[in-house]
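Contents: one structure, followed by commentary.
Rule-based calculations on the coordinates, nothing more; no lab input. As the structure is a computational prediction, the values presented were derived from the model and not from experiment. So basically every Cβ, Gly included, is an ideal-geometry build from the backbone, and we count neighbours across all protein chains shown.
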Amino acid sequence: MTAGDDGAAAFIRAHTAVAAPPLCPEIRLHLATEITPIWQATEETLAAAGLPPPFWAFCWAGGQALARHLLDNPALAAGRRVLDFACGGGVVAIAAARCGGTVLANDVDPFALAATRLNADLNGVALATEGADLVGRADLNHDLILAGDICYEQPLAGRVSDWLRALAGAGATVLIGDPGRAYLRRDGLVELAAYDVPTSLELEDRTVRRTGVWRVTP
């Protein structure tokens, strides 16, 4: 099974249900209803392909806050070339597309991209997807770069933070959605908004996470 064939879409549909994330009720996504079954299914069915855990099956707090901020402030994305980095299931990319952006959704997990395409179809929006590792690339031509909940691991957070800061220095608007992850580097960040995002104890250590939307400065 590969993410580009009908088997990937069938797997996603079989292990998720269509639902709206609590902070963005106008967006529908293929979401896991419980954490254990989807994780077990991934291990049993997809481990041989070397796929990462199915982060795409959950709408994480950082992505929800960032999507909400875009939906409430559509001028941020309207008419702009938008990159949704580490898109997961695509909630941020879909929000940006709804606001009138030309959107590229990027994730190294091919099943995340398959889920993003399914979710985009659910919401009637057009976007492109890209599976390459873009971190470190300086030749991107995007006006707006979005990253939801990317600071959950120290090596990734450090590598990505330096890259996003460089892109901001080159003139892009860079926004991060983060619910207080330990590895978020707050130096050089300007908080634009904050949201109380309902969460599950299966995924987080509390039922509500206060989640910020931050602009990255050079």
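Structure above, values below:
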quantity	calculated
HN-Hα J in Hz across the range 206-213 - Karplus 6.51, -1.76, 1.60, θ = phi - 60°, x for Gly and Pro	7, 8, 9, 10, 6, 10, x, 10
Rounded to 10°, Cα long-axis angle of helix 154-169 versus longest principal axis of the chain	40
Backbone HN-Hα couplings from phi across the range 184-193 [Karplus 6.51/-1.76/1.60, Hz, Gly and Pro as x]	6, 8, 7, 5, x, 10, 10, 6, 9, 6
Structure-derived P(r) over Cα pairs in 5 Å bins from 0, in percent: which label, when the choices are (i) 1, 8, 16, 21, 21, 17, 10, 5, 1; (ii) 1, 6, 13, 18, 20, 18, 13, 7, 2, 1, 0, 0; (iii) 1, 7, 14, 17, 17, 15, 12, 9, 6, 2, 1, 0	(i)
Estimated vicinal HN-Hα couplings, Hz - the range 60-67 in sequence order (Karplus 6.51, -1.76, 1.60; Gly, Pro = x)	6, 4, x, x, 4, 5, 5, 5
Footprinting exposure proxy for H15, H69 (fewest neighbouring C-beta atoms within 10 Å first)	H15, H69
Relative contact order, percent, the chain [alpha-carbon distance under 8 Å, six or more residues apart]	19
Cβ charges +1 (Lys, Arg) and -1 (Asp, Glu), total dipole of the chain, debye	640
Cβ-based exposure ranking for V174, V125, V92, V190, in which fewest neighbours within 10 Å come first	V190, V125, V174, V92
Gyration tensor verdict on the range 73-202 (Cα atoms; rounded if a/c is under 1.5, prolate if a/b is larger than b/c, oblate otherwise)	rounded
Residue-averaged [θ]222 nm for the chain, counting only DSSP H segments that reach four residues, each worth -39500 (n - 2.57)	-10000 deg cm²/dmol
